[in-house]
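In what follows, a structure is listed as C-alpha coordinates, so that the remarks can point back to it.
The values are calculated or read from the model by the stated rules, or taken from the named source; none is laboratory data. Because the structure is a prediction, the values reported are computed rather than measured. FYI the Cβ positions are ideal-geometry reconstructions off the backbone, even for glycines, and counts take in every protein chain you see. Quick note on the areas: whole protein, heavy atoms, side chains included, nothing else; ligands and nucleic acids left out. Shrake-Rupley method; radii C 1.70, N 1.55, O 1.52, S 1.80 Å.
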Amino acid sequence: ETKITRATLHGGKRDDPTASYLRKSYKRPEHVDVFKVMCYDTTSWMKENFEPQVKKFNETHEHVVLKVEYTQDRLDINTASYAVGYDAVCLFVNDTASAEVIQTLSMGGVGLIAMRCAGFDRVDLIAAKTFGLSVTRVPAYSPYAVAEHAIALLMCVNRKIHAANTRVKMSNFTLDSGLLGIDVHGKNVGVLGTGKIGQILCRIVSGFGVNLLAYDVFDSDEVKSLGGKYVSKEEIFKTCDIIFLMMPLLPATQHTINYEMLPLLKKGVIIINTSRGGLIETTALLDGIKSGIISGAGIDVYENEGEYFFQDWSARNIGDPTLVALLGNNKVVMTAHQAFFTREAIEKIVSTTIENFGEYSEGLRGNELTNHV
Ligand code: NAD
(Lines give C-alpha, C1' and ligand atoms only; values in the text may rest on other atoms or scores of the structure.)
Protein backbone atom coordinates (compact mmCIF):
# COMPACT_ATOMS: atom_id res chain seq x y z
CA GLU A 1 0.00 0.00 0.00
CA THR A 2 1.29 3.43 -0.90
CA LYS A 3 1.39 5.96 1.89
CA ILE A 4 0.35 9.32 0.67
CA THR A 5 -0.67 12.55 2.26
CA ARG A 6 -3.75 14.63 1.73
CA ALA A 7 -1.46 17.00 -0.15
CA THR A 8 -0.99 14.40 -2.86
CA LEU A 9 -4.70 13.94 -3.19
CA HIS A 10 -5.40 17.63 -3.51
CA GLY A 11 -2.30 19.00 -5.12
CA GLY A 12 -1.64 21.01 -1.95
CA LYS A 13 1.69 22.42 -0.84
CA ARG A 14 3.90 19.79 0.78
CA ASP A 15 6.39 22.27 2.22
CA ASP A 16 4.00 24.13 4.49
CA PRO A 17 4.79 22.77 7.98
CA THR A 18 1.62 24.25 9.47
CA ALA A 19 -0.68 22.55 7.00
CA SER A 20 -2.93 20.14 8.84
CA TYR A 21 -2.61 17.51 6.16
CA LEU A 22 1.10 17.13 6.96
CA ARG A 23 0.48 16.36 10.61
CA LYS A 24 -0.88 12.97 9.68
CA SER A 25 -0.11 10.58 6.86
CA TYR A 26 -3.03 8.81 5.34
CA LYS A 27 -3.16 5.41 3.75
CA ARG A 28 -4.73 5.83 0.40
CA PRO A 29 -8.23 4.42 0.63
CA GLU A 30 -9.14 1.65 -1.77
CA HIS A 31 -11.45 4.03 -3.53
CA VAL A 32 -11.32 7.81 -3.49
CA ASP A 33 -14.39 9.34 -5.05
CA VAL A 34 -14.35 12.84 -6.43
CA PHE A 35 -17.70 14.42 -5.67
CA LYS A 36 -18.25 17.29 -8.07
CA VAL A 37 -20.61 20.14 -7.28
CA MET A 38 -21.74 23.00 -9.53
CA CYS A 39 -22.66 25.93 -7.30
CA TYR A 40 -25.06 28.35 -9.01
CA ASP A 41 -25.84 32.00 -8.22
CA THR A 42 -22.53 32.39 -6.38
CA THR A 43 -21.77 35.72 -4.76
CA SER A 44 -18.36 36.61 -3.39
CA TRP A 45 -19.53 36.35 0.26
CA MET A 46 -20.84 32.86 -0.41
CA LYS A 47 -17.64 31.65 -2.12
CA GLU A 48 -15.46 33.17 0.63
CA ASN A 49 -17.40 31.19 3.21
CA PHE A 50 -17.58 27.96 1.22
CA GLU A 51 -13.93 27.59 0.29
CA PRO A 52 -12.40 27.17 3.78
CA GLN A 53 -15.10 24.65 4.72
CA VAL A 54 -14.61 22.64 1.51
CA LYS A 55 -10.90 22.53 2.36
CA LYS A 56 -11.68 21.38 5.90
CA PHE A 57 -14.03 18.70 4.55
CA ASN A 58 -11.30 17.38 2.25
CA GLU A 59 -8.79 17.28 5.11
CA THR A 60 -11.12 15.22 7.26
CA HIS A 61 -12.67 12.80 4.75
CA GLU A 62 -10.59 9.96 3.36
CA HIS A 63 -12.90 8.43 0.84
CA VAL A 64 -14.28 11.43 -0.91
CA VAL A 65 -12.77 14.55 -2.39
CA LEU A 66 -15.22 17.42 -2.67
CA LYS A 67 -14.67 19.62 -5.72
CA VAL A 68 -16.86 22.69 -5.99
CA GLU A 69 -17.04 24.87 -9.11
CA TYR A 70 -18.78 28.22 -8.87
CA THR A 71 -20.84 30.20 -11.35
CA GLN A 72 -22.52 33.56 -10.82
CA ASP A 73 -25.30 32.51 -13.21
CA ARG A 74 -28.59 31.23 -11.86
CA LEU A 75 -29.87 27.80 -12.63
CA ASP A 76 -32.53 27.79 -15.32
CA ILE A 77 -33.10 25.90 -18.54
CA ASN A 78 -30.32 27.88 -20.28
CA THR A 79 -27.69 27.17 -17.64
CA ALA A 80 -28.62 23.61 -16.61
CA SER A 81 -26.04 22.24 -19.06
CA TYR A 82 -23.20 23.74 -16.94
CA ALA A 83 -23.83 20.83 -14.55
CA VAL A 84 -23.28 18.03 -17.07
CA GLY A 85 -20.84 15.56 -15.51
CA TYR A 86 -21.36 16.92 -11.97
CA ASP A 87 -22.77 14.88 -9.07
CA ALA A 88 -24.67 17.72 -7.48
CA VAL A 89 -25.90 21.24 -7.97
CA CYS A 90 -25.92 23.70 -5.08
CA LEU A 91 -28.73 26.25 -5.34
CA PHE A 92 -29.95 29.39 -3.62
CA VAL A 93 -33.31 31.10 -3.23
CA ASN A 94 -33.70 32.38 -6.79
CA ASP A 95 -32.43 29.42 -8.81
CA THR A 96 -35.14 27.57 -10.73
CA ALA A 97 -35.33 23.78 -10.56
CA SER A 98 -38.45 23.23 -12.66
CA ALA A 99 -39.38 19.83 -14.11
CA GLU A 100 -37.69 20.72 -17.41
CA VAL A 101 -34.49 21.84 -15.64
CA ILE A 102 -34.50 18.72 -13.44
CA GLN A 103 -34.85 16.48 -16.48
CA THR A 104 -31.80 18.19 -18.05
CA LEU A 105 -29.83 17.83 -14.80
CA SER A 106 -30.75 14.17 -14.60
CA MET A 107 -29.62 13.56 -18.19
CA GLY A 108 -26.32 15.24 -17.31
CA GLY A 109 -25.75 12.79 -14.44
CA VAL A 110 -26.66 15.06 -11.51
CA GLY A 111 -28.06 13.10 -8.55
CA LEU A 112 -28.42 15.77 -5.86
CA ILE A 113 -29.98 19.21 -5.62
CA ALA A 114 -28.53 20.75 -2.46
CA MET A 115 -30.41 23.92 -1.50
CA ARG A 116 -28.26 26.26 0.57
CA CYS A 117 -31.40 27.82 2.08
CA ALA A 118 -34.51 26.72 3.97
CA GLY A 119 -37.19 27.39 1.34
CA PHE A 120 -37.55 24.93 -1.54
CA ASP A 121 -40.52 26.51 -3.32
CA ARG A 122 -38.53 26.78 -6.58
CA VAL A 123 -37.77 23.06 -6.72
CA ASP A 124 -40.29 20.73 -8.34
CA LEU A 125 -40.04 17.92 -5.77
CA ILE A 126 -42.30 15.59 -7.73
CA ALA A 127 -40.12 15.96 -10.84
CA ALA A 128 -37.04 15.40 -8.66
CA LYS A 129 -38.53 12.17 -7.36
CA THR A 130 -39.59 11.10 -10.87
CA PHE A 131 -36.09 11.63 -12.26
CA GLY A 132 -34.44 10.08 -9.20
CA LEU A 133 -32.75 13.24 -7.90
CA SER A 134 -32.37 13.80 -4.18
CA VAL A 135 -33.11 17.22 -2.72
CA THR A 136 -31.63 18.50 0.54
CA ARG A 137 -31.82 21.91 2.19
CA VAL A 138 -30.71 23.74 5.32
CA PRO A 139 -33.88 23.52 7.38
CA ALA A 140 -32.73 25.82 10.19
CA TYR A 141 -29.66 28.00 10.05
CA SER A 142 -30.54 30.91 12.19
CA PRO A 143 -34.23 31.46 12.76
CA TYR A 144 -33.06 34.27 15.07
CA ALA A 145 -31.52 36.14 12.12
CA VAL A 146 -34.82 36.21 10.22
CA ALA A 147 -37.05 36.94 13.23
CA GLU A 148 -34.74 39.76 14.37
CA HIS A 149 -34.76 41.26 10.87
CA ALA A 150 -38.56 41.16 10.84
CA ILE A 151 -38.53 43.20 14.06
CA ALA A 152 -36.01 45.62 12.53
CA LEU A 153 -38.36 46.13 9.58
CA LEU A 154 -41.31 46.70 11.91
CA MET A 155 -39.47 49.29 13.98
CA CYS A 156 -38.18 51.04 10.87
CA VAL A 157 -41.62 51.21 9.20
CA ASN A 158 -43.42 52.21 12.39
CA ARG A 159 -40.97 54.83 13.71
CA LYS A 160 -39.99 56.00 10.19
CA ILE A 161 -36.29 55.50 10.91
CA HIS A 162 -35.45 55.49 7.18
CA ALA A 163 -37.12 58.87 6.62
CA ALA A 164 -35.88 60.38 9.91
CA ASN A 165 -32.30 59.37 9.23
CA THR A 166 -32.33 60.98 5.78
CA ARG A 167 -33.94 64.12 7.21
CA VAL A 168 -31.43 64.48 10.05
CA LYS A 169 -28.50 63.93 7.67
CA MET A 170 -29.80 66.95 5.75
CA SER A 171 -29.72 68.97 9.01
CA ASN A 172 -33.53 69.10 9.16
CA PHE A 173 -34.23 68.43 12.83
CA THR A 174 -38.00 68.99 12.76
CA LEU A 175 -40.59 66.37 13.65
CA ASP A 176 -43.22 67.79 11.30
CA SER A 177 -45.01 65.68 8.70
CA GLY A 178 -44.67 61.98 8.47
CA LEU A 179 -42.59 60.82 11.46
CA LEU A 180 -45.38 59.92 13.90
CA GLY A 181 -45.48 56.24 14.89
CA ILE A 182 -47.51 54.10 17.31
CA ASP A 183 -46.59 52.23 20.52
CA VAL A 184 -46.23 48.55 19.72
CA HIS A 185 -47.11 47.92 23.37
CA GLY A 186 -50.76 47.05 23.81
CA LYS A 187 -51.41 46.37 20.13
CA ASN A 188 -52.91 43.28 18.49
CA VAL A 189 -50.10 41.48 16.69
CA GLY A 190 -50.91 38.64 14.28
CA VAL A 191 -48.36 36.03 13.26
CA LEU A 192 -49.28 33.87 10.26
CA GLY A 193 -47.05 30.79 10.40
CA THR A 194 -45.62 29.79 13.78
CA GLY A 195 -42.82 27.44 12.73
CA LYS A 196 -39.20 27.92 13.75
CA ILE A 197 -38.95 31.58 12.75
CA GLY A 198 -42.54 32.45 13.71
CA GLN A 199 -42.07 31.07 17.24
CA ILE A 200 -38.92 33.11 17.85
CA LEU A 201 -40.68 36.16 16.47
CA CYS A 202 -43.57 35.52 18.88
CA ARG A 203 -41.13 35.34 21.77
CA ILE A 204 -39.43 38.62 20.80
CA VAL A 205 -42.63 40.51 20.08
CA SER A 206 -44.17 39.31 23.37
CA GLY A 207 -41.51 41.41 25.07
CA PHE A 208 -43.29 44.54 23.84
CA GLY A 209 -46.38 43.56 25.83
CA VAL A 210 -48.77 42.83 22.97
CA ASN A 211 -51.94 40.84 22.45
CA LEU A 212 -50.55 37.94 20.42
CA LEU A 213 -52.76 36.21 17.84
CA ALA A 214 -51.51 33.35 15.69
CA TYR A 215 -52.59 31.33 12.70
CA ASP A 216 -51.04 28.06 11.53
CA VAL A 217 -52.18 24.62 10.39
CA PHE A 218 -50.53 23.32 13.60
CA ASP A 219 -50.68 24.99 17.01
CA SER A 220 -47.39 25.60 18.82
CA ASP A 221 -47.20 25.02 22.58
CA GLU A 222 -44.40 27.60 22.71
CA VAL A 223 -46.70 30.27 21.25
CA LYS A 224 -49.52 29.29 23.61
CA SER A 225 -47.14 29.43 26.58
CA LEU A 226 -46.37 33.03 25.59
CA GLY A 227 -50.08 33.83 25.85
CA GLY A 228 -50.65 33.58 22.09
CA LYS A 229 -54.13 32.63 20.94
CA TYR A 230 -54.74 30.65 17.75
CA VAL A 231 -57.51 32.22 15.67
CA SER A 232 -58.63 32.20 12.03
CA LYS A 233 -56.76 34.11 9.35
CA GLU A 234 -59.82 36.34 8.93
CA GLU A 235 -59.80 37.27 12.62
CA ILE A 236 -56.17 38.30 12.33
CA PHE A 237 -56.97 40.39 9.26
CA LYS A 238 -59.90 42.08 11.03
CA THR A 239 -58.32 42.77 14.41
CA CYS A 240 -54.56 43.12 14.09
CA ASP A 241 -52.56 46.36 14.01
CA ILE A 242 -49.42 44.53 12.92
CA ILE A 243 -49.26 41.35 10.82
CA PHE A 244 -46.16 39.22 10.29
CA LEU A 245 -46.10 36.70 7.41
CA MET A 246 -43.99 33.72 8.49
CA MET A 247 -45.36 30.88 6.34
CA PRO A 248 -43.63 29.04 3.50
CA LEU A 249 -44.77 29.76 -0.05
CA LEU A 250 -47.19 27.01 -1.03
CA PRO A 251 -50.24 26.94 -3.30
CA ALA A 252 -52.33 27.37 -0.11
CA THR A 253 -50.37 30.43 1.05
CA GLN A 254 -49.76 32.18 -2.28
CA HIS A 255 -51.15 35.74 -2.26
CA THR A 256 -52.35 35.50 1.34
CA ILE A 257 -52.48 39.29 1.13
CA ASN A 258 -54.61 39.99 -1.97
CA TYR A 259 -57.31 42.29 -3.31
CA GLU A 260 -60.13 40.20 -1.79
CA MET A 261 -58.93 40.48 1.78
CA LEU A 262 -57.93 44.17 1.62
CA PRO A 263 -61.41 45.32 2.81
CA LEU A 264 -61.16 42.95 5.80
CA LEU A 265 -57.98 44.55 7.17
CA LYS A 266 -57.99 46.79 10.20
CA LYS A 267 -57.34 50.35 9.06
CA GLY A 268 -53.73 51.40 9.55
CA VAL A 269 -52.27 47.88 9.75
CA ILE A 270 -48.53 47.39 9.25
CA ILE A 271 -47.55 44.30 7.25
CA ILE A 272 -44.16 42.62 7.55
CA ASN A 273 -43.01 39.87 5.18
CA THR A 274 -39.64 38.14 5.53
CA SER A 275 -40.81 34.77 4.16
CA ARG A 276 -41.41 34.71 0.42
CA GLY A 277 -42.57 37.46 -1.91
CA GLY A 278 -45.34 35.29 -3.35
CA LEU A 279 -47.27 35.51 -0.06
CA ILE A 280 -48.28 39.03 -1.12
CA GLU A 281 -50.02 40.17 -4.30
CA THR A 282 -47.81 43.23 -4.55
CA THR A 283 -50.18 45.42 -6.55
CA ALA A 284 -52.86 44.81 -3.88
CA LEU A 285 -50.37 45.80 -1.15
CA LEU A 286 -49.58 49.03 -3.03
CA ASP A 287 -53.30 49.78 -3.49
CA GLY A 288 -53.89 49.08 0.21
CA ILE A 289 -51.17 51.60 1.10
CA LYS A 290 -52.53 54.16 -1.37
CA SER A 291 -56.04 53.90 0.09
CA GLY A 292 -54.71 54.21 3.67
CA ILE A 293 -55.91 50.75 4.79
CA ILE A 294 -52.27 49.67 5.16
CA SER A 295 -50.13 52.30 6.89
CA GLY A 296 -46.82 50.72 5.98
CA ALA A 297 -45.04 47.57 4.92
CA GLY A 298 -41.65 46.08 5.68
CA ILE A 299 -40.62 43.54 3.09
CA ASP A 300 -37.46 41.54 2.64
CA VAL A 301 -38.84 39.53 -0.28
CA TYR A 302 -40.71 40.37 -3.48
CA GLU A 303 -42.68 38.01 -5.69
CA ASN A 304 -40.63 38.83 -8.81
CA GLU A 305 -37.30 39.31 -7.05
CA GLY A 306 -35.56 36.57 -9.07
CA GLU A 307 -34.36 38.85 -11.84
CA TYR A 308 -33.08 41.59 -9.54
CA PHE A 309 -32.08 40.53 -6.04
CA PHE A 310 -28.43 39.85 -5.19
CA GLN A 311 -27.37 41.97 -8.18
CA ASP A 312 -26.37 45.61 -8.63
CA TRP A 313 -29.00 47.36 -10.72
CA SER A 314 -27.99 50.90 -9.70
CA ALA A 315 -26.82 51.82 -13.20
CA ARG A 316 -29.53 49.95 -15.11
CA ASN A 317 -33.19 50.55 -15.86
CA ILE A 318 -35.56 48.36 -13.89
CA GLY A 319 -38.24 47.15 -16.30
CA ASP A 320 -40.68 45.97 -13.62
CA PRO A 321 -43.19 48.76 -12.83
CA THR A 322 -44.37 47.07 -9.61
CA LEU A 323 -40.84 46.91 -8.24
CA VAL A 324 -40.31 50.55 -9.26
CA ALA A 325 -43.53 51.46 -7.39
CA LEU A 326 -42.32 49.64 -4.25
CA LEU A 327 -38.94 51.36 -4.40
CA GLY A 328 -40.57 54.76 -4.83
CA ASN A 329 -43.05 54.39 -1.96
CA ASN A 330 -41.73 55.78 1.33
CA LYS A 331 -44.28 53.76 3.33
CA VAL A 332 -42.51 50.64 2.14
CA VAL A 333 -39.23 49.71 3.77
CA MET A 334 -37.52 47.13 1.64
CA THR A 335 -34.42 44.99 1.94
CA ALA A 336 -33.25 42.55 -0.73
CA HIS A 337 -33.62 39.11 0.86
CA GLN A 338 -31.10 39.79 3.60
CA ALA A 339 -33.07 38.62 6.65
CA PHE A 340 -30.87 35.52 6.92
CA PHE A 341 -27.65 37.48 6.47
CA THR A 342 -25.77 37.18 9.77
CA ARG A 343 -22.34 35.70 10.43
CA GLU A 344 -23.85 32.84 12.45
CA ALA A 345 -26.41 31.98 9.77
CA ILE A 346 -23.88 31.91 6.92
CA GLU A 347 -21.58 29.59 8.89
CA LYS A 348 -24.48 27.23 9.52
CA ILE A 349 -25.72 27.39 5.92
CA VAL A 350 -22.30 26.43 4.59
CA SER A 351 -21.57 23.73 7.18
CA THR A 352 -24.99 22.06 6.78
CA THR A 353 -24.78 22.18 2.98
CA ILE A 354 -21.37 20.54 3.08
CA GLU A 355 -22.66 17.92 5.56
CA ASN A 356 -25.47 17.26 3.08
CA PHE A 357 -22.92 16.69 0.27
CA GLY A 358 -20.97 14.36 2.55
CA GLU A 359 -24.00 12.35 3.66
CA TYR A 360 -25.28 11.99 0.12
CA SER A 361 -21.87 10.95 -1.20
CA GLU A 362 -21.69 8.33 1.56
CA GLY A 363 -25.16 7.01 0.71
CA LEU A 364 -26.87 8.44 3.81
CA ARG A 365 -30.11 9.80 2.52
CA GLY A 366 -32.33 10.21 5.58
CA ASN A 367 -32.64 14.00 5.26
CA GLU A 368 -33.89 14.09 1.73
CA LEU A 369 -36.97 16.15 1.05
CA THR A 370 -37.96 13.73 -1.74
CA ASN A 371 -38.55 11.08 0.96
CA HIS A 372 -41.56 13.13 1.99
CA VAL A 373 -43.18 13.57 -1.44
P1 NAD B 1 -41.01 26.25 9.27
O2 NAD B 1 -41.24 25.16 8.30
O3 NAD B 1 -40.35 25.95 10.58
O4 NAD B 1 -42.41 26.95 9.62
C5 NAD B 1 -43.40 27.22 8.68
C6 NAD B 1 -44.74 27.22 9.42
O7 NAD B 1 -45.75 27.54 8.46
C8 NAD B 1 -45.08 25.84 10.01
O9 NAD B 1 -45.48 25.98 11.35
C10 NAD B 1 -46.23 25.36 9.13
O11 NAD B 1 -47.15 24.54 9.83
C12 NAD B 1 -46.84 26.68 8.70
N13 NAD B 1 -47.69 26.52 7.52
C14 NAD B 1 -47.50 25.72 6.46
N15 NAD B 1 -48.53 25.83 5.61
C16 NAD B 1 -49.38 26.72 6.16
C17 NAD B 1 -50.64 27.24 5.77
N18 NAD B 1 -51.22 26.88 4.61
N19 NAD B 1 -51.24 28.13 6.57
C20 NAD B 1 -50.67 28.49 7.75
N21 NAD B 1 -49.48 28.05 8.18
C22 NAD B 1 -48.85 27.17 7.39
O23 NAD B 1 -40.25 27.37 8.48
P24 NAD B 1 -39.37 28.55 9.07
O25 NAD B 1 -37.97 28.09 9.29
O26 NAD B 1 -40.10 29.18 10.20
O27 NAD B 1 -39.34 29.52 7.81
C28 NAD B 1 -40.51 30.12 7.31
C29 NAD B 1 -40.23 30.67 5.92
O30 NAD B 1 -39.32 31.76 6.02
C31 NAD B 1 -39.52 29.68 4.98
O32 NAD B 1 -40.44 28.85 4.32
C33 NAD B 1 -38.80 30.58 4.03
O34 NAD B 1 -39.61 30.78 2.90
C35 NAD B 1 -38.66 31.90 4.79
N36 NAD B 1 -37.26 32.28 5.04
C37 NAD B 1 -36.84 33.50 4.62
C38 NAD B 1 -35.53 33.89 4.85
C39 NAD B 1 -35.01 35.24 4.43
O40 NAD B 1 -33.80 35.46 4.43
N41 NAD B 1 -35.85 36.19 4.09
C42 NAD B 1 -34.66 33.00 5.50
C43 NAD B 1 -35.15 31.77 5.94
C44 NAD B 1 -36.45 31.42 5.71
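Values computed for the structure shown
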quantity: The chain - mean residue ellipticity at 222 nm from DSSP helices (-39,500 (n - 2.57) per run, n ≥ 4, rounded to 500); calculated: -9500 deg cm²/dmol
quantity: Enclosed volume per residue, in Å³, of the convex hull spanned by Cα atoms of the chain; calculated: 182 Å³
quantity: Low-density loop cleavage sites - chymotrypsin sites (Phe, Trp or Tyr not before Pro) in region 94-199, where at most 16 other Cβ are within 10 Å (DSSP); calculated: 173
quantity: Loop-located GluC sites (Glu not before Pro) in region 255-343, at most 14 other Cβ atoms within 10 Å (DSSP); calculated: 260
quantity: Region 258-320 - Rg (one decimal) and Dmax (whole number), Cα, Å; calculated: 13.2, 40
quantity: Within straight-line cross-link reach of residue 229, aspartates and glutamates at Cα separation under 17 Å, skipping those fewer than 8 residues along the same chain; calculated: 216, 219, 221, 241
quantity: Whole-number D in µm²/s for region 204-353 (Stokes-Einstein; Kirkwood sum over Cα pairs; 25 °C, 0.890 mPa s); calculated: 146 µm²/s
quantity: For region 223-373: accessible area per residue (Å², 1.4 Å); calculated: 47 Å²
quantity: The chain, accessible surface, carbon-and-sulfur percent (1.4 angstrom probe); calculated: 52 percent
quantity: The chain, relative contact order [Cα under 8 Å, separation at least 6], %; calculated: 15 percent
quantity: The chain: DSSP helices with Cα axial extent of at least 20 Å and average Kyte-Doolittle hydropathy no lower than 0.0; calculated: 143-159
quantity: 18 Å Cα-Cα threshold exceeded, pairs from 187/238; 187/331; 160/238; 55/348; 47/129; 267/331; calculated: 187/331; 160/238; 47/129
quantity: Between region 132-175 and region 189-262, the alpha-carbon center distance in angstrom; calculated: 18 Å
quantity: Residues of region 64-114: accessible area per residue with a 1.4 Å probe, Å²; calculated: 37 Å²
quantity: Euclidean distance of C-alpha centroids, region 307-359 and region 265-302, integer Å; calculated: 18 Å
